[in-house]
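Note sheet for the following structure.
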Amino acid sequence: MSDHTSIDQPGDSRLASNPTMSNWERDTLEKLVFATVQERRSARRWSIFFKLGFLTVALLALWAYYDFNFASGDTENLGRHTALIEINGEIEAEGSGAADTVIPSLNKAFSDPGSAAVVLRIDSPGGSPVQAGIIVDEIQRLKRGYPDKPLYVVVDEICASGGYYIASAADRIYVNKASIVGSVGVLMDSFGFTGTMEKLGVERRLLTAGENKGFLDPFSPQSEKHREHAQEMLNEIHQQFISVVRAGRGKRLKETPETFSGLYWTGARAIDMGLADAFGTVDTVARDIVKAEDIVDYTAHEGLPERVLKKFGASVGESAVRAAYHSAVPKLR
């Protein structure tokens with residue numbers, strides 16, 4: 001009996017008071033609890049992420065839906081109003097000054113039975129004579145098609161060169177006394193690197209098919225023949241510009257030797273010269289001239305995706321290439 005007791009008691013004591021076994025269980029339990037908490041936190045974070053992502057997509061979809069419906073929907077129920085179209089920045093193949101952007105807005109504004117008049121608000125230093133010419137041609141067509149619907153231009157900071165090319169087609173031009181107006185001229189600018197290349201020991205290897213294919217190449221010497229040809233083109237475009245201004249301004253224009261020299265003037269001086277008609281803003285024109293204080297913006301605004309891409313530099317490379325190409329293209333600026 002005593003032997004049996006002496007054998008069982010030591011074993012029971014080790015099982016009840018084994019500290020190693022107790023710590024292992026505690027550590028394992030803590031790890032399991034910690035892993036469970038981490039998993040729940042991770043799941044919660046992913047849940048929040050997906051919910052925010054879904055909300056963002058939903059908001060963008062709603063934005064695109066309402067923006068599209070305003071741009072393409074029917075505006076007959078707006079009542080009598082003044083139609084506004086804005087041109088900001090350079091007149092070029094993209095942006096608010098592009099013909100592809102401005103012309104659809106012009107067509108919608110003129111065709112809307114509720115619009116009493118169309119106001120172009122321009123803030124532009126100029127740009128492409130091609131884009132400006134296309135817009136002017138469309139303005140003249142629309143004015144013939146809607147003879148009872150006037151088109152006015154309101155100048156903000158600047159309306160120069162290509163901007164004024166467009167403005168001159170308006171029935172009246174309104175300015176601020178400090179606005180910059182004019183610059184009826186054409187330029188073509190680039191750089192010549194031939195001297196620098198010689199100093200650096202760089203050889204230009206240009207192969208062309210056609211004796212004039214290297215026209216205005218910045219890495220080759222400029223020949224007199226090419227310079228004269230470029231000047232002839234500039235003079236021709238300048239005369240086209242002058243013709244548009246004379247036709248648009250008519251007898252109001254008080255020509256002087258400086259009028260078409262490329263100079264620009266303040267808004268107050270532009271009125272004296274007949275380049276503009278009076279002082280005014282979009283609000284004063286809508287209220288006092290059109291007699292329709294309600295203003296509806298028909299400007300085709302750039303979409304959110306394009307703004308995001310430009311903000312993060314997606315078009316930097318393209319802009320650099322375009323800048324190199326456009327350096328030797330005639331500009332109204």
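Working with all protein chains in place, sort Asp156, Asp137, Asp148 by solvent-accessible area computed with a 1.4 Å probe, largest first.
Asp148, Asp137, Asp156
Applying the Karplus parametrisation 6.51 cos²θ - 1.76 cosθ + 1.60 with θ = phi - 60° to the phi angles of the range 212-218, what ³J(HN,Hα) value in whole Hz is obtained for each residue in order, glycine and proline being reported as x?
Rounded to whole hertz, the list is 10, 5, x, 4, 6, 5, x.
Sort Tyr264, Tyr152, Tyr164 by heavy-atom solvent-accessible area, probe 1.4 angstrom, most to least.
Tyr264, Tyr152, Tyr164
Calculate one ³J(HN,Hα) per residue across the range 128-137 by plugging θ = phi - 60° into the Karplus curve 6.51 cos²θ - 1.76 cosθ + 1.60, and present them in order as whole Hz with x for glycine and proline.
Per residue, the Karplus-derived 3J(HN,Hα) values read 6, x, 5, 4, 4, x, 5, 5, 4, 4 Hz.
Does the range 132-188 come out rounded, prolate or oblate, given a ≥ b ≥ c as the square roots of the eigenvalues of its C-alpha gyration tensor, rounded meaning a/c under 1.5 and, failing that, prolate meaning a/b above b/c?
It comes out oblate by the Cα gyration axes.
Taking amide H atoms as placed 1.01 Å from N in the peptide plane, list the residues 5 or more away in sequence, or in a different chain, whose amide H sits under 5 Å from that of Tyr264.
Ser183
The values are calculated or read from the model by the stated rules, or taken from the named source; none is laboratory data. Quantities reported herein were computed from a predicted structural model and do not represent experimental measurements. For the accessible areas, the whole protein counts, side chains as well, though only heavy atoms, and no ligand, DNA or RNA atoms are used. Shrake-Rupley method; radii C 1.70, N 1.55, O 1.52, S 1.80 Å.
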